[in-house]
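The values are calculated or read from the model by the stated rules, or taken from the named source; none is laboratory data. Because the structure is predicted, anything quoted here is derived from the model rather than measured. Reconstructed Cβ throughout: ideal geometry from the backbone, glycine too, with neighbour counts over all protein chains shown.
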Amino acid sequence: MRLLSICCTIFLLHLSLSAVGQIRPDQGWTLTAGWTEAYLGDQHSSPLLYQSDVLDLDARYTIPGKTYFEVGIRVQVGTIQAQRHRKRKGTLHETPNLFEETESFDYVANPFFSRFGGRLYTRLLWKVGNYSQLGIMAQARYDLAGIAGDTWQFAMADIGPSYQYHRNVHPNGSVQFSASLPLVAFVVRPNWALDASLPDETNYFKGYLRTSTRFTSLHELQHPRLSFGYQYELPKGKSLAVSYQLQWLSYSQPRPLRMFEHGLQLSYSL
C-alpha cells in the first residue's frame, strides 16, 4: 500500500507539471471516504511508537469563483497499536486499603476500535493567476486514542495560510494540489504524567487549563498539510476525484509529540 501511495504521488506531480487548461471547480457538496495510516510518538504519554489505520469520512461544501469558500467536517475511526507489542491483554490489581479487599479487573490494550477523531475546517481563497488560489485556512481537530493502557487526548485549533492549484489536463479531467501551514494555534495536551506538580488527574478540566492548554506558534508547532489529486467530470455536473494526502505534526510542549499521517481518499461531488 505504501508503494502504491508513492507511485500515485509521483504520477500526480508529473501531471500537474505538464497540464494545460483552466480552473473548473464545482459548487455544492462533496462526500469523501478513504484510508489513513498514521504513526504517533508522544513522549509525554508513552515511550513507544504507535501505528494506526483509520477510516476517514468527510463532507464539505464549496462555493467557487474569484473568492473560493469551503467548509467541511471529517470523522475518523480506527485502530492504534504499539508497534512493539501490538494488541495486549492483562489484569490490573488495585492497591488495597485498610477497609476493603483488593480489586482486580481484566483489560485489553489497543483493541480494534481504539482511535477516534474529528476535524472541522474552513478555507477562504482568492484567485492568483489562471490556476492558483491563495488565502487562509482554519481548522479545529480532536483525537482520542488508547495509549499505554490509558486514554490519550489531543485537541488543537489553528489558522494559517493556504494554497490551491487546479488545472485541466483534458476536457473531462483536472489535477489538483493544495497545501496549508498553521502559523498560530491553541493546543490542549493530556494533563497526566509522572509529575508531582500536576493537579488531581481526575479533574481534567482544571488540569487542562492549568498545565496543558496554551497558545503556540510556528517555533513550537510545525504542522504542514499537503494533498495531490485528480478529478474526473461526470454528466450532470457531478465528478469523481482521487487524492493522496499527507501531513506532519511536531509539537515540543511539555514533551515532544510527533505524528505523521498519509492516505488515499475517494471523493464524489453532488
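For region 144-180, a residue qualifies if it is among the small types (Gly, Ala, Ser), in contact (Cβ under 8 Å) with a residue 40 or more places away in the chain and under 13 Å from HIS223 (Cα atoms), and the qualifying residues are ALA179, SER180.
Condition check ((1) among the aliphatic types (A, V, I, L, M); (2) at pLDDT below 90) across all residues:
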| site | (1), (2) |
| --- | --- |
| ARG141 | no, no |
| GLY146 | no, yes |
| THR151 | no, yes |
| ALA157 | yes, no |
| GLY173 | no, no |
| PRO190 | no, yes |
| ALA193 | yes, yes |
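Of the listed requirements (1) modelled with pLDDT of 95 or more; (2) charged (D, E, K, R); (3) under 28 Å from GLU220 (Cα atoms), ARG115 misses just one: (1).
So that you can scan it fast, the table gives a plain yes or no per residue for (1) in a strand (DSSP E or B); (2) crowded, with 17+ Cβ neighbours inside 10 Å:
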position	(1), (2)
PHE113	no, no
LEU120	yes, no
LEU125	yes, yes
GLN133	yes, yes
MET137	yes, yes
ARG141	yes, yes
GLY146	yes, yes
THR151	yes, no
PHE154	yes, yes
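Looking at region 37-46, can you tell me whether even one residue there is touching a Leu at 6+ places or on another chain (Cβ under 6 Å), modelled with pLDDT under 95, closer than 22 Å to ARG225 by Cα and among the small types (Gly, Ala, Ser)? Checked region 37-46: at least one residue is touching a Leu at 6+ places or on another chain (Cβ under 6 Å), modelled with pLDDT under 95, closer than 22 Å to ARG225 by Cα and among the small types (Gly, Ala, Ser). Just one residue in the set VAL54, VAL77 is assigned to a strand (DSSP E or B), surrounded by fewer than 17 Cβ atoms within 10 Å (Cβ to Cβ) and modelled with pLDDT of 50 or more; that residue is VAL77.
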